Every structure is written in structure tokens, then in C-alpha cells.
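Structure first, then comments.
What follows is calculated from the coordinates using simple rules that are stated; it is not laboratory data. Quantities reported herein were computed from a predicted structural model and do not represent experimental measurements. Using ideal geometry, Cβ is built from the backbone for each residue, glycine included, and neighbour counts are taken over all protein chains shown.
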Amino acid sequence: MKTRVLIVEDHPMTLVGLKMLLTKNEGITVVGEASNGLEAVHQAEQTQPEVILMDIGLPEMDGVEATQKIKAAHPGVRIIMLTSKDNERDVFAALSAGADAYCMKGISVEALTSAIEAVKEGTAWLDPAVARMVLGRFQGATPLQEALPSGKAPDDLALQDCPLTAREMEVLRLIVDGLSNPEIAERLTITKATAKAHVHSILQKLCVDDRTQAAVLAMRQGYV
């Protein structure tokens, strides 16, 4: 089954370029396009996409508000926010609105395809530069192991105070590094299904909703 994608972009040339690139992918079908936030909300209702590529800076209604409205009406739709800027305010506004991924417009075709595949699978995806920004916000926090008795290795402390198994800790470190489920499977020589199961278990044990929150928590608490 091809992934149904809606493109929301107010710059005509960028819209044409994205559409041309995506239609070359045999696993993707572009089901609609919109040039402003209001139209995006309408098109999401009419075309029933699985994934939406959403420009953050749109006329009439910006991408953040459009994302909020679409997510409220269609929680299962995955939204990838596209922007030419990586300022912190826009990043956190987009993530707070429910965006499943945040990509810079200079992203490669391969990376954009990976992002589409990841969010369709239910995985959060961040451009590496944006991921560093998100995690960097919490790097000033005191790591958990610094507040605990000395004489133990950092890994021992993390395993003792984090409810994850040794394998799940390995997976969590790879999540922080930005690896997708297939990449985790390849790195650890396990099946994709096993990698997905580990990620699901990690999210449940850490009481978080997605991989981004898990990565932030891991950094903030000093698990990795």
C-alpha cells in the first residue's frame, strides 16, 4: 500500500519540487496539496492522508495552528513540519502542537523519505540539527548519577535507577542518537519487530508518549 501524503506549502516552486520528488517514490502517492493553513485543514478532511508535509509559515493560518486543528479532528494523521529556520520557539511550538517530525527544508530526499516512513510507523523523527537543539535544552541539568553515591559505574547507576533492561538501555541510547527502528535493528542485529517491541516497552516504562520525549527524559535524568 502506498503512503498517502498531503503537501502544504505556500511557495509555488517549493510545492512543485516536493511533489515531483515524492511522486518518483513508488511507495508514496500525493493525494492533495494546499497553500495555506485553512486549506490544509479542509484538504485533510477531504483527502484523508496518512502523512502531511506542513510548512510552518503559512498565510491565513500558520502551520502550528493548522496542525493543532488537524490533530484534534484526525489524531491518526502524522504531520511532518517543514521550515527553513531552526529557531527554538518554532521547534517547540510545532512539537507542542502535535507534529510528529520537524525537518529543515534543505533535507535530502532520502532523509525526507525516512521521516515519512518513520512517522507512518508511529515513530517521532527530528532533523539532527533540531534533535541537538531539543536535547541541548536539558544538558545543563544535573545528571542523576552525580547525585548518587560514588563507587559505581555510570551504567550500573543508570540500570539501577531506571526501570529498563540492559537491552532496552542500549536501544534508548540509539534513540537518543536519532536512529530509526530499522537502523536500531541493524545496529543490534535483531529483527525490526523486536526493535519496535523494545521501543514500545521503553515508552511504556518511562511513561512517555513518543521517542522524542524518551530521548529528552534520558538526557535530563542522566540515563545516557
Handout entry: HN-Hα J in Hz across the stretch 28-39 - Karplus 6.51, -1.76, 1.60, θ = phi - 60°, x for Gly and Pro
Key = 10, 10, 7, 9, x, 8, 8, 10, 8, x, 4, 5
Practice task
Output the peptides 209-215, 77-83 sorted from most to least packed, where packing is the average of other Cβ atoms within 10 Å over each peptide's residues.
Solution key: 77-83, 209-215
Exercise for the section: Starting at the first residue of the stretch 167-179, write each ³J(HN,Hα) from the Karplus equation 6.51 cos²θ - 1.76 cosθ + 1.60 with θ = phi - 60°, in whole Hz, x for Gly and Pro. Expected result: 5, 5, 5, 4, 5, 4, 4, 6, 4, 4, 6, x, 6
Exercise for the section: Quick one: which residues, 5+ away or cross-chain, put their amide H under 5 Å from the amide H of residue 78? H built at 1.01 Å from N. Expected result: 51, 52
Exercise for the section: Would you please classify the overall shape of the stretch 8-71 from the alpha carbon gyration tensor, given that a ≥ b ≥ c denote the square roots of the eigenvalues, rounded means a/c under 1.5, and beyond that prolate means a/b larger than b/c while oblate covers the rest? Expected result: oblate
Problem - Within straight-line cross-link reach of residue 120, lysines at Cα separation under 27 Å, skipping those fewer than 8 residues along the same chain - result: 2, 19, 24, 69, 71, 85, 105, 192, 196, 205
Practice task
Report, by chain and number, residues whose modeled amide H sits under 5 Å from the one on residue 34, excluding near sequence neighbours (fewer than 5 apart, same chain).
Solution key: 7, 8, 9
Practice task
For the stretch 45-55, take each phi angle, set θ = phi - 60°, evaluate the Karplus expression 6.51 cos²θ - 1.76 cosθ + 1.60, and give the result in whole Hz per residue in order, putting x for glycine and proline.
Solution key: 6, 7, 9, 6, x, 8, 10, 10, 8, 10, 5
